[in-house]
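Report on one structure; see the data block that follows.
The values are calculated or read from the model by the stated rules, or taken from the named source; none is laboratory data. This one's a predicted model, so the numbers in the text were calculated from it and none came from an experiment. Glycine gets a Cβ as well: all are built from the backbone with ideal geometry, and neighbour counts include every protein chain shown.
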Amino acid sequence: MQRPMKNVQTDFIELYALAHPAIRRFIFAHVPDHHEAEDVLQTASAVLWKKFDEYEKGTSFTSWAIQCARYEIYTTRRRYARSRIILTPELSEKAAEQLEPFDLASEDERQKALDHCLSQVADDGRSLIAARYREGKRYAEIAKDTGKKESHVRTQLCRIRAALRKCIASRLGIRDVLPSEASS
């Protein structure tokens, strides 16, 4: 028995609003180009609406939506496979499994943990993080600005990210499931 259209729309909007941050994180973690990731997110959102009647009420909407998003990512990869270097499905799957515990924490919890952990980083480290992620500078630009070698900037940022990841996992009560960047 189908639900009335108004209830379907309301149900979808409520579930989608709750799941959207996790879907977005998942897609952006797997699609390297920001604009491409936005396109995949939009396409996945439209597919979710079209296939909403296939969603089994009472199960995890977020898990179902991420599975649909995963198929959209694969479709995009097939389309761009000839022109771009992209993670293999196996590596993408492994990354998704490792990121899942972090998806369970709320956006607010993760932000508070990140803020706390960033406050523990030395000023020069926070400056590197700001230059790389707030300002979007490349390693070479940061190296030029700071008078350091590019390899040093990369190493420092790698260490800071590893420390932040460990701190955030600890603050959220999650076992640090991601391998150290330095060992990979």
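Numbers below:
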quantity: Qualifying helices (runs of 4 or more DSSP H) (wholly inside the stretch 1-80; at least 2 residues being hydroxyl-bearing (Ser, Thr, Tyr) and over 27 Å from GLU109 (Cβ atoms)); calculated: 61-80
quantity: Test for ALA22: is it more than 14 Å from the chain's Cα centre (by Cα) and buried (at least 18 other Cβ atoms within 10 Å of the Cβ); calculated: no
quantity: So ILE86, is it modelled with pLDDT under 90, β-branched (Val, Ile, Thr) and crowded, with 17+ Cβ neighbours inside 10 Å; calculated: yes
quantity: The stretch 121-144 - residue that is loosely packed, with under 14 Cβ neighbours inside 10 Å and over 23 Å from the mean Cα position of the chain (by Cα) and, of those, farthest from ALA22 (Cα to Cα); calculated: LYS144
